[in-house]
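Below is one structure, written out as structure tokens, with a few remarks after it.
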């Protein structure tokens, strides 16, 4: 296959490029080398640079996109701004890059001679679901939507049943669940995936929106403060700085190793994989934020104070775990990297990287200034400072 990866110089993109090259595919990458992610670097990793055709520029540059698409068999659209918190104040930038950038790629596919392109994949996100799926003992499966600020401020972090206001149990969220993003990032991802699936149908292309969960692994940006808590916590723990956990620390995520993400993406790219669909890509394993912080701190020798602050971010969800039934049925995907094994792999890699600075602290101050990071009530005794 001849495959173009937009945003292909990034974390998942470089891993996918290596997988494609190992299968003797012809790989092209279009990337603008955003400073927030790449810290001024303007080239591909040394192992990729000789083997990948690079288009250095913006995904909104129509002429560049048209040139990059010439002769391709498939497009993997990764180019996007990421981060739920930042999206709530960098609104125009997120709309422009994520929505206009996707529109630019689709506009070229519609209006220029790109008949060789028969498949398009887009990196979507679990953020499209918002809070996701829960179970009420009285009303069955429900979708509670965004939590009330009054509840969060008073330290009531668990979502409530929208019908009886009762307690809920988080369950795996499947692709049939309603889309109800709680952040502008999630909304742009919803728009991206719906655009790609819509034009896939209208153009007769195979099109898949891959709803990645919390992806982590070697190669992840350690300077981008919106890249995810594994990168953030590892940077703090490595320097022996305090690790603040928001809410009560029991909020949970589905952390999926980049090797598993690449395998599922590779399977969806296969020429005999036909259709138009959204697919969850995760581990199916739930891990609390407090568990993550304590495991990372232990790896670095336990020098950091790990404490629960009760603070909360506007737009954050409480729990997240993916239902992988469709991924298994459609592409035969089964995750192979458990979180404990994958975390050790990631942290061992961080030891070989330069220590990162205060960008995360700066990002928190920016969110506080804009009213998007708020103080909650006092943590309960069972979730008070752990060290």
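Below, the figures for the structure above:
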read-out	value
Flag if residue 97 is farther than 16 Å from residue 27 by Cα, over 25 Å from the mean Cα position of the chain (by Cα), modelled with pLDDT of 95 or more and assigned to a helix (DSSP H, G or I)	no
Test: residue in region 37-46 that is within 30 Å of residue 314 (Cα to Cα), part of a loop (DSSP other than H, G, I, E, B), touching a helix residue (DSSP H, G or I) at 6+ places or on another chain (Cβ under 9 Å) and without any contact (Cβ under 8 Å) to a residue 60 or more places away in the chain	no
Tally, over region 62-83, of residues that are over 30 Å from residue 314 (Cβ atoms), touching a strand residue (DSSP E or B) at 6+ places or on another chain (Cβ under 9 Å) and not in a strand (DSSP E or B)	8
Matching option when the condition is in the same structural domain as residue 113 (by TED's automatic domain parsing), in contact (Cβ under 8 Å) with a residue 60 or more places away in the chain, assigned to a loop (DSSP other than H, G, I, E, B) and buried (at least 17 other Cβ atoms within 10 Å of the Cβ), among 13, 8	8
Unique residue being within 21 Å of the chain's Cα centre (by Cα) and closer than 30 Å to residue 178 by Cα when the list is 39, 17, 74, 79	79
Residues (in a helix (DSSP H, G or I) and crowded, with 19+ Cβ neighbours inside 10 Å) located in region 307-336	327, 331
Single residue of region 140-166 satisfying the filter (in contact with a strand residue (DSSP E or B) (Cβ under 8 Å, 6 or more places away or on another chain) and over 27 Å from residue 124 (Cβ atoms)) that is surrounded by the most Cβ atoms within 10 Å (Cβ to Cβ)	161
Test for residue 86: is it at negative phi, crowded, with 17+ Cβ neighbours inside 10 Å and either outside the structural domain of residue 109 (by TED's automatic domain parsing) or part of a loop (DSSP other than H, G, I, E, B) (or both)	no
Scope region 22-44; condition modelled with pLDDT of 95 or more and surrounded by fewer than 16 Cβ atoms within 10 Å (Cβ to Cβ); matching residues	22, 23, 24
Long-range neighbours under 6 Å by Cβ, at least six apart or interchain, first residue within 16 Å of residue 310 (Cα to Cα) within region 149-172, second part of a strand (DSSP E or B)	152/312
In region 337-367, the residues that are modelled with pLDDT of 90 or more, in a helix (DSSP H, G or I) and surrounded by fewer than 15 Cβ atoms within 10 Å (Cβ to Cβ)	340, 341, 344, 348
Residues that are over 17 Å from residue 347 (Cα atoms), part of a strand (DSSP E or B) and in contact with a helix residue (DSSP H, G or I) (Cβ under 9 Å, 6 or more places away or on another chain), drawn from region 282-306	306
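Here is a yes/no grid of residues against (1) closer than 21 Å to residue 91 by Cα; (2) not in a loop (DSSP other than H, G, I, E, B):
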site: 151; (1), (2): no, yes
site: 159; (1), (2): no, no
site: 165; (1), (2): no, no
site: 175; (1), (2): no, no
site: 185; (1), (2): yes, yes
site: 193; (1), (2): yes, yes
site: 200; (1), (2): no, yes
site: 219; (1), (2): no, no
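The values are calculated or read from the model by the stated rules, or taken from the named source; none is laboratory data. What you see is a predicted model, and the numbers here were worked out from it, not measured in a lab. Neighbour counts run over all protein chains shown; Cβ positions are idealised from the backbone, glycine included.
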